[in-house]
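Chemist: Can you read through this structure? Questions will come right after.
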Amino acid sequence: MVGRLRLWSGYVLFIYVTTHLLNHALGLVSLRVLEAGRYWFLIVWQSFPGQVVLYGALLLHLSLAFWALFRRRTLRLSPWEWTQLGLGALIIPFGTLHVVGTRIAYDYFGVHSGYPWVLGSLIAGTWLGVFRQFGLVFVVWIHACIGLHFAWRLRPWYRTWLPFLYAVALLVPAAGLGGAAIALRDFAELAQEPGFLRQTFEQVHAPDAAGVAALNAISDRLMAVATLLSLACLAARPLRDLWERRAGVVVLFYGDRKTVSAPAGLTVLEMSRIGGIPHASVCGGRGRCSTCRVRVGGPDRAQLPPPSAEEQKVLARVGAPENVRLACQLRPPQGRYRITPLLPAASGPRDAYRQQSQAHGGERYVAILFADIRGFTSISEGRLPYDIVFLLNRYFRATGEAVQAAGGRLDKFIGDGVMAIFGLNVEPQIACRQALDAAHRMALALGDLNEAMSDDLDQQLRIGIGLHAGPAIVGEMGFERTSSLTAIGDTVNTASRLEALTKEFAVELVVSQDLLDQAGMDLPAAARHEVEIRGRQGRLAVRAVPRAADLTTLSS
Ligand code: FES
C-alpha cells in the first residue's frame, strides 16, 4: 500500500512537472504566448480539485520519503538507488526558493506570481538564483525518470515503448529549459529599458525589501525543517533497532558458512543487504518482480507468517512451492532459518516471472534439436578469420531465426553447432511438431544462404540435424551472468548422437521415431533404422531424411 501511494502521488507530481515544463516551452515562441499558456496551466492546477490533488500528492510523497528513510534498514544501495535518493534530497534546497517565491509570495504578499515576476526576480537577483531555478528541472526530472523506470520496467509493454519514452524524457525538459532560457533572454533585453523592471514589479505587486527578506527567511526555515526531519529520521533508526531487538533476534544461514543476524522485523532482503550477500531484486523490493525469491528452511520455518495476498499472487505466478517466499516481503520472527536465494544476484527483468520449475530445475518433456555444419574445417581452410566469423554469423542468424519462428528456444551455439529446445511452455505434441518445423525451416534458410553467398563459397554449406524428444532436466544453469535456461539428460545426448549419425547415413536429418510418434506424424518415405546409442539401453528406431527441406512432402 505504501509503495502504491508513493507511486501514485509520484504520478501526480510528474504530470504537474510535465505540464509546467510544457508551459515553459512556450517561451520558445514568445513571452506573450508563454504567459497565455500559464492561463490554461492555472485553470487546471489552481482549481479546487487541482489544488487538493497536487498538494495532497506533494505532502504524501514527501511524508512517504521521510518514512522510507526511517524504515530503510541498510544504506547498501545500488548506484541507481543512491542517485534517486540523492536527487530526491536535492529537490528541497533547489525547490524551496521556487515554491516560496511563487506560491507563498502569492498567498501572503498578494504577488501576481506569473512569468514577469519570476523572470524579473531572476534578472534582479544573483546567478545562484538562476542556477537553483534551472537546476531544479534537472534534479526533479531525473529523480522522476529513475522512479518511473523502476516502476515500469517489468511491465510487458515497457520495452516496446522505451524508444518513445526516451524521446519524451529528453524532449520535455529540453523544450522547457530552452523556452525558459529564451524567455529570460528576451526579458533581460526588455529590462535594459530604464524603469522597465520597476514598472513590472509594481504591476505584479512585488514585495518590498522587507517582504523579500521575509520570503528568504521562510525559504531558509523550510530548508532547515526539511534537514532536521531528515536528520531525525536517520537518528531515529538506531532507536528503532533497539526497540525491535525486544522482539528477539533472527539468524539467517546462507550456506558457505555465511550467517547474518539482526533484530526481528527486517525483511530477508534487508538482512541479505546488511550481510553484504548479493541478492537479486529487480523491482527494488517492491514485491512485484519475484527475482528475490528464496527457499526457506531451518528449525523455525513453521513459525513463519503466511504470505500476504499480494505476495501469494506473485509466488503463484512463478509456480513457487510452499517453501519459497519473496525475500523482500518475508519478515521472519525470532528464530533460525536457512535461506537459499533461487536466482543469480545478477538477474534482470527477463528473469522476473520465469516459471519456478524452469528456473530451478524440473523434469519436462522436451524436443531437442542439434545441428552442425558438415565439413566446416575444409570450408574455413584458407579463409581470413574475418570471413569465417562473417560466414558463421550469417549461418547462426539463419538457423536462430528458423528456431524462433518455429516456436523453439535457441539454447546455445557450440563451435559451428546449434542446440535448440522445444516444449518449455507447450505440450509435447506441439513441441515435437515445432522441432520438425524448425528443421524444415533451417534447411530452407540454408538453401537461401547458399544462394546468397554462391559467389563467395567454393562449396555449398551442408547441415546435419538430429531430433529427439523425451523427458529432460530443465533449469537455470551456469554461474552469475553466464547462467541460462538449458536442458540436460539422456534426451539431449541422444539428439546429439542422432545429429552425428547424419554423417554415417549421408543424410541431412535423423529423427527419432519417438519424436514422430509424439508429433502424430510419420515419414514412410524415409529409411528406417534401428540404432544403438552409447549409454542408452536397447535400440532406437530412427528415420533418415536425405533433405530436411522435403519434410512436408515426406510426412503423412
Ligand atoms: S525484489 Fe522484486 S519481488 Fe522482491
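Read the figures in this text as sums done on the coordinates, not as results from a lab. Fair warning: this is a prediction, and the values are worked out from it, not measured in the lab. Using ideal geometry, Cβ is built from the backbone for each residue, glycine included, and neighbour counts are taken over all protein chains shown.
Chemist: PRE reach from TYR11 (point 7 Å along Cα→Cβ): which of region 146-165 fall under 13 Å by backbone N?
Modeler: 148, 151-152
Chemist: Return the calculated 222 nm mean residue ellipticity for the chain, to the nearest 500 deg cm²/dmol, obtained by summing -39500 (n - 2.57) across DSSP H runs with n ≥ 4 and dividing by the residue count.
Modeler: -18000 deg cm²/dmol
Chemist: Take the Cα atoms of region 405-556, find their three principal axes, and give me the spread along each one in whole Å, biggest first.
Modeler: 43, 39, 28
Chemist: Follow-up question, since we're still on this one. What order do you get for TRP161, TRP127 when you list them from fewest to most C-beta neighbours inside 10 Å?
Modeler: Fewest-to-most ranking of TRP161, TRP127: TRP127, TRP161.
Chemist: Between TRP80 and ALA541, what is the spin-label point distance in nm, taking each point 7 Å from the Cα along the Cα→C-beta axis?
Modeler: It works out to 5.4 nm between the two label points.
Chemist: Could you give the angle, 0 to 90 degrees to the nearest 10, between helix 209-245's Cα long axis and the longest principal axis of the Cα atoms of the chain?
Modeler: Rounded to the nearest ten degrees, it is 40.
Chemist: Give me the net charge of ARG497's neighbourhood, meaning all other residues with Cβ under 9 Å from the Cβ of ARG497; Lys, Arg count +1, Asp, Glu -1. Working shown, then result.
Modeler: Details: positive: ARG534, ARG536; negative: GLU499.
Computed value for this residue: +1.
Chemist: What number does the chain give for Rg over Rh if you use C-alpha atoms and the Kirkwood radius?
Modeler: Ratio of gyration radius to Kirkwood radius for the chain: 1.13.
Chemist: Another question, then. Cut-off is 10 Å between beta-carbons; in what order do THR18, THR502 appear when sorted fewest neighbours first? Mind dumping the intermediate values first?
Modeler: Details: THR18 16, THR502 25.
Listing THR18, THR502 from fewest to most nearby Cβ atoms yields THR18, THR502.
Chemist: What stretch of the chain, leaving out the sites themselves, is the longest with no GluC sites (Glu not before Pro) in a DSSP loop having at most 11 other Cβ atoms within 10 Å?
Modeler: 1-321
Chemist: Please work out the FRET efficiency for the pair ALA174 and ALA500, using the Cβ-Cβ distance as r and a Förster radius of 60 Å; give the result to the nearest 0.05.
Modeler: Taking R0 as 60 Å, the efficiency between ALA174 and ALA500 is 0.50.
Chemist: Between ILE146, GLY176, GLN303, whose Cα lies farthest towards the positive end of the dipole of the chain when Lys and Arg beta carbons carry +1 and Asp and Glu beta carbons carry -1, centred on the Cα centre?
Modeler: Positive-end residue among those listed: GLN303.
Chemist: Rounded, prolate or oblate: which one fits region 82-204, using the alpha carbon gyration tensor with axes a ≥ b ≥ c (rounded when a/c is under 1.5, else prolate when a/b beats b/c, else oblate)?
Modeler: Here region 82-204 falls in the prolate category.
Chemist: Let me check I've understood the local charge: for ASP517, count other residues with C-beta under 14 angstrom from its C-beta, Lys and Arg +1, Asp and Glu -1. What total comes out?
Modeler: Its environment carries a net charge of +1.
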